[in-house]
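Undergrad: Before we start, here is the structure in question, set down as structure tokens.
The values are calculated or read from the model by the stated rules, or taken from the named source; none is laboratory data. Every value quoted in this text rests on a predicted model; they were computed, and no experiment measured them. Here the Cβ positions follow ideal geometry from the backbone for every residue, glycine too, while neighbour counts run over all protein chains shown. Keep in mind that these areas ignore ligands, DNA and RNA; they rest on the heavy atoms of the full protein, side chains included. Shrake-Rupley method; radii C 1.70, N 1.55, O 1.52, S 1.80 Å.
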Amino acid sequence: MDHAADGPDVFDTRIYAEGIPHERYRILREHRPVSWQAEPEIDGWPAGPGFWAVTRHADVVRVLRDHRTYSSWLGATQIRDPDPADLPFLRRTMLNQDPAKAAGDHGRLRRLVARAFTPARVDAFAGRVRDRARTLLAAARDGAEDGAADLVRTVTDEYALLNLTDLLGVPAADRALLLEWTVRIIGYQDPEDAPAPRLGPDGKPLNPRSPALLGEMFAYARELADHKRAHPGDDVMTALAGAGLDPAELEMFFFLLTVAGNDTVRSAAPGGLLALAGDPDAYRRLAAGHHSPAGAVEELLRVHPPVLSFRRTAAVDTELAGQPVRAGDKVVVFHASANHDERVFTDPGRLDLARTPNPHVSFGDGPHVCLGAHFARLQLRVLYEEWCAAMPPPELAGPPRRLVSNFINGITRLPLRVSGPPR
């Protein structure tokens, strides 16, 4: 069935280089909460059939919770359609499974990860996380030229990566590999952030999530698991290596934890600092102890969610916000729009570090809610606490650069003033 685009474009990746398109989202929430979006070719990535953009909070939550109607398994979870030959491979990860399918694999795999990512194991890293935040911030301050530093390069990329590799149990000598793989997979839509894409026989770019381009990462995952079986430690990879996973499941777990686990904090941490730089009064109140750091993290996640969108595929004919949706249609939820829905959040454009309740969907909802959310919140809270304790009020020292992506809400450069008295 053909559709005509019926609202502002929120698909074009290049829009997001200028910032989250809040005005476009607002128009869609108000007039076309389930809007048909065209999917044209952009920068060599092939055109697609189009999709329904879901922008209101209640509808986003409904889609994320109703896995029987809105499937992750049918077409995976990226807006662009995968190569049909890659679908069986993509369905090995729980991100692209439904609880009712695959003989219970989704629930089994989530329980495995939940046992590996126990709150006790995560909390045991709190001291190490705090030491790392202090060390990186001090190094950025001491090494700054003209009192300014790019916080992405000097602090947040390293902070997210090293915290994750500590938790996973990746040897220090191998840690740069994880950042390289993350940049390649997450930044593939950005001509500056990622290396030139590899082309297939048809001259079109190959999706970096395809099995053809993940062999190096998967071989490393198998080697690391073998090492952990011989030399166990109190880390996530030791837990997974001994959990009875088949090799394909282990590989996909490592892929998911490396990319999602790294990029969640890698995107959210500079986004939170950027939001605080834009509201000096809110920052002063946070630094003076007038706001709970944990509550501030929730609000900063609301205004800068690490993930912008996730795709589902309609499994049956249905209706969403009065809009008929046919089986097989792509249905894409927009987290940043849901987090600014006026029906749920009073004055959503205002940074309110004391906002409560704060039912943002930055970590998703339903059966695919982020299993690493506790670890991400810990890292973000500690980073902001240490900034408030030792750094000057965040102030832009130049224009930030945003990732060109309609999937990850990334910041690739964030020049901030780092010299001066705290608070």
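Undergrad: For Pro8, indicate whether it is in a loop (DSSP other than H, G, I, E, B) and free of Cβ contacts under 8 Å to residues at least 40 places away in the same chain.
TA: Numbers: in a loop (DSSP other than H, G, I, E, B): yes; free of Cβ contacts under 8 Å to residues at least 40 places away in the same chain: yes.
Yes: the conditions hold for Pro8.
Undergrad: Do you know which residues across region 391-423 are of a type in the set (A, V, I, L, M), at pLDDT 95 or above and closer than 20 Å to Val297 by Cβ?
TA: Met391, Ile411, Leu414, Leu416
Undergrad: Go through region 318-354 and report how many residues are more than 25 Å from the chain's Cα centre (by Cα), within 20 Å of Gln97 (Cα to Cα) and not aliphatic (A, V, I, L, M).
TA: Here the count works out to 1.
Undergrad: Does Leu274 satisfy the criteria of being open to solvent by less than 50 Å² (accessible area, probe 1.4 Å) and closer than 21 Å to Val152 by Cβ?
TA: yes
Undergrad: Do we find that Ser35 is touching a helix residue (DSSP H, G or I) at 6+ places or on another chain (Cβ under 9 Å), of a type in the set (Ser, Thr, Tyr) and within 25 Å of Ala260 (Cα to Cα) in this structure?
TA: Working: touching a helix residue (DSSP H, G or I) at 6+ places or on another chain (Cβ under 9 Å): yes; of a type in the set (Ser, Thr, Tyr): yes; within 25 Å of Ala260 (Cα to Cα): no.
Against the criterion (touching a helix residue (DSSP H, G or I) at 6+ places or on another chain (Cβ under 9 Å), of a type in the set (Ser, Thr, Tyr) and within 25 Å of Ala260 (Cα to Cα)), Ser35 does not qualify.
Undergrad: Something else now. Enumerate the pairs (first residue in region 84-113 and part of a helix (DSSP H, G or I); second residue anywhere and among the small types (Gly, Ala, Ser) and at pLDDT 80 or above) with beta-carbon separation below 7 Å, excluding pairs fewer than 6 apart on the same chain, so at least 6 apart or on different chains.
TA: Leu87/Ala76; Leu90/Ala76; Leu95/Ser72; Asn96/Ser72; Asn96/Ala76; Leu112/Ala243
Conditions (1) crowded, with 16+ Cβ neighbours inside 10 Å; (2) of a type in the set (Gly, Ala, Ser); (3) in contact with a helix residue (DSSP H, G or I) (Cβ under 8 Å, 6 or more places away or on another chain); (4) under 30 Å from Gly420 (Cα atoms), marked per residue:
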residue: Lys330; (1), (2), (3), (4): yes, no, no, no
residue: Asn339; (1), (2), (3), (4): yes, no, yes, no
residue: Gly349; (1), (2), (3), (4): no, yes, yes, yes
residue: Cys370; (1), (2), (3), (4): yes, no, yes, no
residue: Leu378; (1), (2), (3), (4): yes, no, yes, yes
residue: Gly398; (1), (2), (3), (4): no, yes, no, yes
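Undergrad: Now for a different question. Give the residues of region 48-72 that are open to solvent by 70 Å² or more (accessible area, probe 1.4 Å) and more than 18 Å from Asn339 (Cα to Cα), sorted by residue number.
TA: Answer for region 48-72, where residues must be open to solvent by 70 Å² or more (accessible area, probe 1.4 Å) and more than 18 Å from Asn339 (Cα to Cα): Pro49, Arg68.
Per-residue answers, yes or no, for (1) closer than 23 Å to Pro270 by Cα; (2) touching a Pro at 6+ places or on another chain (Cβ under 6 Å); (3) assigned to a loop (DSSP other than H, G, I, E, B); (4) free of Cβ contacts under 8 Å to residues at least 12 places away in the same chain:
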position: Ala296; (1), (2), (3), (4): yes, no, no, no
position: Leu300; (1), (2), (3), (4): yes, no, no, no
position: Phe310; (1), (2), (3), (4): yes, no, no, no
position: Glu319; (1), (2), (3), (4): no, no, no, yes
position: Ala327; (1), (2), (3), (4): no, no, yes, no
position: Val332; (1), (2), (3), (4): no, no, no, no
position: Ala336; (1), (2), (3), (4): yes, yes, no, no
position: His340; (1), (2), (3), (4): yes, yes, yes, no
position: Arg350; (1), (2), (3), (4): yes, no, yes, yes
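Undergrad: Could you check how many residues of region 412-423 are open to solvent by 10 Å² or more (accessible area, probe 1.4 Å), of a type outside the set (Lys, Arg) and farther than 13 Å from Arg141 by Cα?
TA: Step one: list which residues in region 412-423 are open to solvent by 10 Å² or more (accessible area, probe 1.4 Å), which gives 412-413, 415, 417, 419-423.
Narrowing further to those that are of a type outside the set (Lys, Arg): 412, 415, 419-422.
Restricting the remaining residues to those that are farther than 13 Å from Arg141 by Cα gives 412.
Summing the residues that are open to solvent by 10 Å² or more (accessible area, probe 1.4 Å), of a type outside the set (Lys, Arg) and farther than 13 Å from Arg141 by Cα in region 412-423 gives 1.
Undergrad: If you don't mind, another one. Looking for whichever is closer than 30 Å to Cys388 by Cβ, at pLDDT 95 or above and not β-branched (Val, Ile, Thr) here; the options are Gly328, Gly272, Gly261. Which one fits?
TA: Details: Gly328 fails: closer than 30 Å to Cys388 by Cβ; Gly261 fails: at pLDDT 95 or above.
Answer to the selection: Gly272.
Undergrad: Mind checking whether some residue in region 62-79 is over 20 Å from Pro348 (Cβ atoms), in contact with a Phe, Trp or Tyr (Cβ under 9 Å, 6 or more places away or on another chain) and among the acidic types (Asp, Glu)?
TA: No - not one qualifying residue is present in region 62-79.
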